[in-house]
Every structure is written in structure tokens, then in C-alpha cells.
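Enquirer: A single structure is presented below for examination.
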Amino acid sequence: MKRITVIVLLALAFCGQALAAGPGYTQATVLSVHDVDTLTARVEGFDVAQRVRVADIDGPELRVERRGKLIWPAQPWAALAASWAKATLAGQTVWLWIFEPDRNGRLVCRVHLPGDVDYALEALRLGHAHAYNRYRPAPAYEAMEAHARGARAGLWSLSRPISPEKWRRGAWRGQAVSGR
């Protein structure tokens, strides 16, 4: 039963992609990629480049330092996920469904790649991100994460994957991590 539910949700998610470049979507050119869930783009209708937070996913955290002080070390799989994101997005023309700015001023958006591919679903399918449903329900994204977990894809192949949210709250303390 669980497998059928996942298959149905995945089918619904991919069927909905046919509308990606239709009404409500804004064209953008990706200028740079920070990590799997954050990029900078020249967005149609804006005078200056915009930071974009990809909706419905949360990617492994890269190392963060402020004023020479370590805030957190790089999370396992972060470099691989960021590398994939850069190869996938850099220089691409994409379509954004803009929801709202987040507390950091980034535009929260669904991102669709050429060929009508939902970027967040692809990141989840390959195991480069966690589904993130804090602000809106995202059953198709949660189903894709469950599929990747079951296949032990990407970060799900690690012995003890930790969500980025827990990592940011200090779950890395006491862990054997690189870059500390």
C-alpha cells in the first residue's frame, strides 16, 4: 500500500510539471549557485539580481564562519550536493514560481529547469536534499524524499544522515565531522 501511495504521488508531481512555464511563472537566469537550496538570479521584473531560496527542500549545510568564528562545519554530503547544484543550475534559464521573501530577504521560489523539470524534485530524487514542509504542505516532495531514502540515494547512503535544521541547531557537536 505504501509503495502504491508513493508511486501515485510521484506521478501526480510529474504530471503537474507541464504547467511550469505557464501563467504565474517568471523567467530568470541563474548567475551563481551557493548550495543546493540557494542561488542568485537575474529575475524578470526586478532591477537587480535576486537571492533565491528554493522552496520545499533543505540542503546539507556548507561550512559557515562569521568574523573568523566557526558557526558550524560543513555537513556530510554538502560539497557533493552543492557541486551537483552548480553543474545543474549555473548559467541556466529557469522559471520561478515566486511565493514570498523569507526572513533573510531571499525570494522563496519553485524552480523549473529547461525541459520542464522541477529542480527540487530532482534534488530530492538524487538524495541531495531533505523535503522541507515547515511553511506549506508538500506531499509530492515528501514522497520523493521517502523514495530516495528507500533507494539509499545520495545523502541517504550515509550511516547517520542529519537534517540540515538539526545541524544548524548544533547536532554536529560531538560528531566526527571534517572542517572543524
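The values are calculated or read from the model by the stated rules, or taken from the named source; none is laboratory data. These figures come from a predicted structure and were not determined experimentally. Ideal geometry is used to build each Cβ from the backbone, glycine not excepted, and the neighbour counts take in all protein chains shown.
Enquirer: Any residue that is buried (at least 16 other Cβ atoms within 10 Å of the Cβ), small (G, A, S) and either at pLDDT 95 or above or within 15 Å of the chain's Cα centre (by Cα) (or both) - is there at least one of those in region 15-37?
Expert: Among the residues of region 15-37, at least one is buried (at least 16 other Cβ atoms within 10 Å of the Cβ), small (G, A, S) and either at pLDDT 95 or above or within 15 Å of the chain's Cα centre (by Cα) (or both), which makes the answer yes.
Enquirer: If you don't mind, there's one more thing I want to ask. Restricting attention to region 157-168, and to residues there that are of a type outside the set (S, T, Y) and under 14 Å from D58 (Cα atoms), which single residue is nearest to the chain's Cα centre (by Cα)? Even if it seems obvious, please write down each step before you answer.
Expert: Step one: of region 157-168, the residues of a type outside the set (S, T, Y) are 158, 160-162, 164-168.
Retained after the next criterion (residues that are under 14 Å from D58 (Cα atoms)): 161-162, 164-168.
Working: P161: 16, I162: 15, P164: 11, E165: 13, K166: 16, W167: 16, R168: 16 Å.
Across region 157-168, the extreme among qualifying residues is P164.
Enquirer: Something else now. So, in region 88-98, exactly how many residues are of a type outside the set (V, I, T) and touching a Phe, Trp or Tyr at 6+ places or on another chain (Cβ under 8 Å)?
Expert: From region 88-98, those of a type outside the set (V, I, T) are 89-92, 95-97; that's our starting set.
Within this subset, residues satisfying the condition of being touching a Phe, Trp or Tyr at 6+ places or on another chain (Cβ under 8 Å) are 89, 95-97.
The qualifying residues number 4.
Enquirer: Quick check on region 103-110. Is at least one of its residues among the basic types (K, R) and within 26 Å of R149 (Cβ to Cβ)? Working first, answer last.
Expert: To start, the set of residues in region 103-110 that are among the basic types (K, R) comprises 103, 106, 110.
Now narrow it down to the ones that are within 26 Å of R149 (Cβ to Cβ): 110.
Checked region 103-110: at least one residue is among the basic types (K, R) and within 26 Å of R149 (Cβ to Cβ).
Enquirer: Output yes when any residue across region 144-162 is under 26 Å from T26 (Cβ atoms) and buried (at least 16 other Cβ atoms within 10 Å of the Cβ), and no when none is. Don't jump to the end; show me each part of the working.
Expert: Of region 144-162, the ones under 26 Å from T26 (Cβ atoms) are 144.
Restricting the remaining residues to those that are buried (at least 16 other Cβ atoms within 10 Å of the Cβ) gives 144.
The answer is yes, given that some residue of region 144-162 is under 26 Å from T26 (Cβ atoms) and buried (at least 16 other Cβ atoms within 10 Å of the Cβ).
Enquirer: Does region 126-143 hold any residues that are free of Cβ contacts under 8 Å to residues at least 60 places away in the same chain, more than 23 Å from A87 (Cα to Cα) and buried (at least 20 other Cβ atoms within 10 Å of the Cβ), and which are they?
Expert: Answer for region 126-143, where residues must be free of Cβ contacts under 8 Å to residues at least 60 places away in the same chain, more than 23 Å from A87 (Cα to Cα) and buried (at least 20 other Cβ atoms within 10 Å of the Cβ): there is none.
Enquirer: Only strands (runs of 3 or more DSSP E) wholly contained in region 47-157 count here; list those with 3 or more residues that are hydrophobic (A, V, I, L, M, F, W, C).
Expert: Numbers: elements: 50-54, 64-66, 69-72, 93-101, 107-113.
Passing ranges, in order: 69-72, 93-101, 107-113.
Enquirer: With the requirement that a residue be buried (at least 22 other Cβ atoms within 10 Å of the Cβ) and either of a type in the set (V, I, T) or in contact with a strand residue (DSSP E or B) (Cβ under 9 Å, 6 or more places away or on another chain) (or both), what does region 62-81 give you?
Expert: A78, A81
Enquirer: Right, here's the next one. Got at least one residue in region 46-63 being closer than 19 Å to D116 by Cα, among the charged types (D, E, K, R) and either at pLDDT below 85 or touching a helix residue (DSSP H, G or I) at 6+ places or on another chain (Cβ under 8 Å) (or both)?
Expert: Yes.
Enquirer: Same structure, new question: Out of all the residues in region 101-120, is one or more within 19 Å of S163 (Cα to Cα) and in contact with an Asp or Glu (Cβ under 6 Å, 6 or more places away or on another chain)? It would help to see each step written out before you state the result.
Expert: Narrowing region 101-120 to residues within 19 Å of S163 (Cα to Cα): 120.
Of the ones still in play, those that are also in contact with an Asp or Glu (Cβ under 6 Å, 6 or more places away or on another chain) are 120.
Among the residues of region 101-120, at least one is within 19 Å of S163 (Cα to Cα) and in contact with an Asp or Glu (Cβ under 6 Å, 6 or more places away or on another chain), which makes the answer yes.
Enquirer: Another one. On the given criteria, is R160 modelled with pLDDT under 95, part of a loop (DSSP other than H, G, I, E, B) and under 15 Å from V52 (Cα atoms)? If you could, list the steps in order and put the result at the bottom.
Expert: Details: modelled with pLDDT under 95: yes; part of a loop (DSSP other than H, G, I, E, B): yes; under 15 Å from V52 (Cα atoms): no.
Spelling it out, it is not the case that R160 is modelled with pLDDT under 95, part of a loop (DSSP other than H, G, I, E, B) and under 15 Å from V52 (Cα atoms).
Enquirer: Looking at D102, D116, can you tell me which residue is over 28 Å from L158 (Cα atoms), in contact with a Lys or Arg (Cβ under 7 Å, 6 or more places away or on another chain) and either at pLDDT 95 or above or not aliphatic (A, V, I, L, M) (or both)?
Expert: Working: D116 fails: in contact with a Lys or Arg (Cβ under 7 Å, 6 or more places away or on another chain).
When all the criteria are applied, what remains is D102.
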